[in-house]
1. With the requirement that a residue be assigned to a loop (DSSP other than H, G, I, E, B) and surrounded by 11 or more Cβ atoms within 10 Å (Cβ to Cβ), what does segment 24-36 give you?
2. Find all pairs meeting these conditions: Cβ atoms under 7 angstrom apart; at least six residues apart or on different chains; first residue within segment 30-42 and farther than 15 Å from residue 12 by Cα; second residue loosely packed, with under 13 Cβ neighbours inside 10 Å and among the small types (Gly, Ala, Ser).
3. Kindly provide the set of residues from segment 9-18 that are hydrophobic (A, V, I, L, M, F, W, C), open to solvent by less than 40 Å² (accessible area, probe 1.4 Å) and closer than 20 Å to residue 73 by Cα, ordered by number.
4. Which ones in segment 22-37 are charged (D, E, K, R) and either farther than 10 Å from residue 64 by Cβ or out of contact with any Ser or Thr (no Cβ under 8 Å at 6 or more places or on another chain) (or both)?
5. With 21, 39, 6 as the choices, which residue is open to solvent by 90 Å² or more (accessible area, probe 1.4 Å), assigned to a strand (DSSP E or B) and closer than 30 Å to residue 93 by Cα?
6. Name the single residue that is nearest to the chain's Cα centre (by Cα) among those in segment 6-29 being within 29 Å of residue 96 (Cβ to Cβ) and without any contact (Cβ under 8 Å) to a residue 24 or more places away in the chain.
7. Got at least one residue in segment 49-69 being under 24 Å from residue 8 (Cβ atoms), part of a strand (DSSP E or B) and in contact (Cβ under 8 Å) with a residue 12 or more places away in the chain?
8. Give me a count of the residues in segment 47-104 that are of a type in the set (Gly, Ala, Ser) and at pLDDT 95 or above.
Amino acid sequence: ATDIVEMEDGVHIFMDLPGVEPGNLSIDLDESEVTIRAESSYKPAEGERVLHSEFQNMNYRRTFTLSDMVDRDQISASLKDGVLNLFLPKTEAMKPRRIPISGS
């Protein structure tokens, strides 16, 4: 599952990646595309006997096309509790700003 949310400072892509560790996650930027690849693995702990399991090893791959409003040098990502937060900041030119008004 993926949510894409635009905020004042940029766009956040929230992606559910259950069972994925940071070492099994890669995010690649190639000109106007960002590709997310991940792999999860579920293994029973030593001594456990699995009676029923709906978890399985998964491979994830998603590609998103970036607009010119994204500052590619400032993209950041974090992975916490199985949720990836990929932050695509807006370029300074695209951020909202207040126009000063001069008096005569």
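1. 32
2. If the second residue must be loosely packed, with under 13 Cβ neighbours inside 10 Å and among the small types (Gly, Ala, Ser), the pairs left are 37/26.
3. Residues of segment 9-18 that are hydrophobic (A, V, I, L, M, F, W, C), as a first pass: 11, 13-15, 17.
Adding the requirement that they be open to solvent by less than 40 Å² (accessible area, probe 1.4 Å) leaves 11, 13, 15, 17.
Correct list: 11, 13.
4. 28, 30, 31, 37
5. Numbers: 21 fails: closer than 30 Å to residue 93 by Cα; 39 fails: closer than 30 Å to residue 93 by Cα.
6 is the lone residue from the list that is open to solvent by 90 Å² or more (accessible area, probe 1.4 Å), assigned to a strand (DSSP E or B) and closer than 30 Å to residue 93 by Cα.
6. So, considering only residues that are within 29 Å of residue 96 (Cβ to Cβ) and without any contact (Cβ under 8 Å) to a residue 24 or more places away in the chain, the one nearest to the chain's Cα centre (by Cα) is 6.
7. Quick first cut of segment 49-69, residues under 24 Å from residue 8 (Cβ atoms) only: 64-69.
Subset that is part of a strand (DSSP E or B): 64-65.
After this cut, where a residue has to be in contact (Cβ under 8 Å) with a residue 12 or more places away in the chain as well, the list is 64-65.
Within segment 49-69, one or more residues are under 24 Å from residue 8 (Cβ atoms), part of a strand (DSSP E or B) and in contact (Cβ under 8 Å) with a residue 12 or more places away in the chain.
8. The initial filter retains those residues of segment 47-104 that are of a type in the set (Gly, Ala, Ser), namely 47, 53, 67, 76-78, 82, 93, 102-104.
From what is left, the residues that are at pLDDT 95 or above are 76-78.
Matching residues across segment 47-104 total 3.
The values are calculated or read from the model by the stated rules, or taken from the named source; none is laboratory data. Nothing here was measured: the structure is a model prediction, and the numbers come from that model. Heads up, the Cβs are rebuilt from the backbone with ideal geometry, glycines too, and the neighbour counts pull from every protein chain shown. Just the protein is used for accessible areas: all its heavy atoms, side chains included, with ligands, DNA and RNA removed. Shrake-Rupley method; radii C 1.70, N 1.55, O 1.52, S 1.80 Å.
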